[in-house]
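Colleague: To start, I am sharing the structure in question, which I have written as structure tokens.
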Amino acid sequence: MQGTEVSMYDKLKDEWVHAGGSEDYVIGELLWRAISSQILRGMRTLETGTGLSTMLFSEEWVHHTALENSREWHATLTETGVQNIPSVEVHLSELQQGESGQWYKWRPNNGIKYDLILIDGPTGNIGRDGILDVLDVLAHKDTIIFLDDTNRDAEKMLAKKIASARGPSVSYYKASLSDGREYAQIGE
């Protein structure tokens, strides 16, 4: 039957909600489409803040690392079983204060750098400027960075700071058709 096929996004969103995840704080479908259009098989991907996005990354042929500072979000993600997929690493990480702000204590082994980074954490009102202190540790010169929630002033300013530090310009897009959320893409 034509038109009845459920998208991978919708299928995994239902699984996320069934596991106890919030429908209000999921990655927007338009943002996910933009990310998935940049993914190549074998890429190393990193996301900060876990949830539906972690489940979506797990369906791609990538080596994925997800960082979470919230025990509640981490526990909900554990209910999905995504941490049992060999190509997915999920780390519950405390935050530490850096020069630019708080950021995850976790660091990659052996100088691993990521091809694509999604910044959608830390959770709460902590802020995300701490990424500025570790960006050179996590990213190489061609890393594509997506920053969610740039409809908020702090994230919009952070996107500009990242673009300024890395050279390429920043572009803003709608993250979802159902609300006013935006995201930024830095790099191509």
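The values are calculated or read from the model by the stated rules, or taken from the named source; none is laboratory data. What you are looking at is a predicted structure, and each value in this text was computed from that prediction instead of being measured. We place every Cβ from the backbone using ideal geometry, glycine too, and count neighbours over all the protein chains shown.
Colleague: In the stretch 97-134, what count of residues is obtained for those that are surrounded by fewer than 18 Cβ atoms within 10 Å (Cβ to Cβ), modelled with pLDDT of 95 or more and small (Gly, Ala, Ser)?
Modeller: So the answer is 2.
Colleague: Follow-up. So the check is Cβ under 6 Å with 6+ separation or different chains; which pairs have a first residue in the stretch 166-180 that's touching a residue at least 40 places away in the same chain (Cβ under 8 Å) and on the phi < 0 side of the Ramachandran plot and a second one that's part of a loop (DSSP other than H, G, I, E, B) and surrounded by 12 or more Cβ atoms within 10 Å (Cβ to Cβ)?
Modeller: Matching pairs, first to second residue: 175/28; 175/181; 176/28.
Colleague: Which of the residues spanning the stretch 135-169 are part of a helix (DSSP H, G or I), surrounded by 15 or more Cβ atoms within 10 Å (Cβ to Cβ) and hydrophobic (A, V, I, L, M, F, W, C)?
Modeller: The answer is 135, 138, 158, 159, 162, 163.
Colleague: Something else about it: Mind listing just one residue for me: the one in the stretch 2-23 that is at pLDDT below 90 and among the polar types (S, T, N, Q) and, of those, farthest from residue 79 (Cα to Cα)?
Modeller: Filtering the stretch 2-23 for residues that are at pLDDT below 90 and among the polar types (S, T, N, Q), the one farthest from residue 79 (Cα to Cα) comes out as 2.
Colleague: Give the residue that is surrounded by the fewest Cβ atoms within 10 Å (Cβ to Cβ), with candidates limited to residues of the stretch 175-186 that are out of contact with any Asp or Glu (no Cβ under 7 Å at 6 or more places or on another chain) and among the hydrophobic types (A, V, I, L, M, F, W, C).
Modeller: Step one: filter the stretch 175-186 for residues out of contact with any Asp or Glu (no Cβ under 7 Å at 6 or more places or on another chain), giving 177-180, 182, 184-186.
In the following step, the residues that additionally are among the hydrophobic types (A, V, I, L, M, F, W, C) were identified as 177, 184, 186.
Working: 177: 8, 184: 24, 186: 24.
The selected residue is 177.
Colleague: Moving on to the next point. Any chance the stretch 16-25 includes a residue that's touching a residue at least 12 places away in the same chain (Cβ under 8 Å), of a type in the set (Val, Ile, Thr) and in contact with an Asp or Glu (Cβ under 7 Å, 6 or more places away or on another chain)?
Modeller: Within the stretch 16-25, not a single residue is touching a residue at least 12 places away in the same chain (Cβ under 8 Å), of a type in the set (Val, Ile, Thr) and in contact with an Asp or Glu (Cβ under 7 Å, 6 or more places away or on another chain).
Colleague: While we're here: So, in the stretch 106-124, exactly how many residues are assigned to a loop (DSSP other than H, G, I, E, B) and within 17 Å of the chain's Cα centre (by Cα)? Walk me through how you get there before you give the answer.
Modeller: First, pick out the residues of the stretch 106-124 that are assigned to a loop (DSSP other than H, G, I, E, B): 106-108, 112-113, 120-124.
Filter once more, so that each one left must be within 17 Å of the chain's Cα centre (by Cα): 106-108, 113, 120-124.
Qualifying residue count, the stretch 106-124: 9.
Colleague: Please give the number of the condition residue 172 fails out of (1) crowded, with 16+ Cβ neighbours inside 10 Å; (2) modelled with pLDDT under 95; (3) in a strand (DSSP E or B).
Modeller: That leaves (1) as the condition not met.
Colleague: Name the pairs whose Cβ atoms lie under 7 Å apart, with the first residue in the stretch 49-76 and under 13 Å from residue 32 (Cα atoms), the second in a strand (DSSP E or B) and among the small types (Gly, Ala, Ser), and 6 or more positions between them or separate chains?
Modeller: 54/66
Colleague: Can you list the strands (runs of 3 or more DSSP E) found entirely within the stretch 2-104 that contain at least 2 residues being of a type in the set (Ser, Thr, Tyr) and within 16 Å of the chain's Cα centre (by Cα)?
Modeller: On the way: elements: 44-48, 63-68, 88-92, 95-97, 102-104.
Ranges flagged: 44-48.
Colleague: Follow-up. Just checking, which of 94, 72 is surrounded by fewer than 18 Cβ atoms within 10 Å (Cβ to Cβ) and modelled with pLDDT of 95 or more?
Modeller: Details: 72 fails: modelled with pLDDT of 95 or more.
Going through 94, 72 in turn, the sole match is 94.
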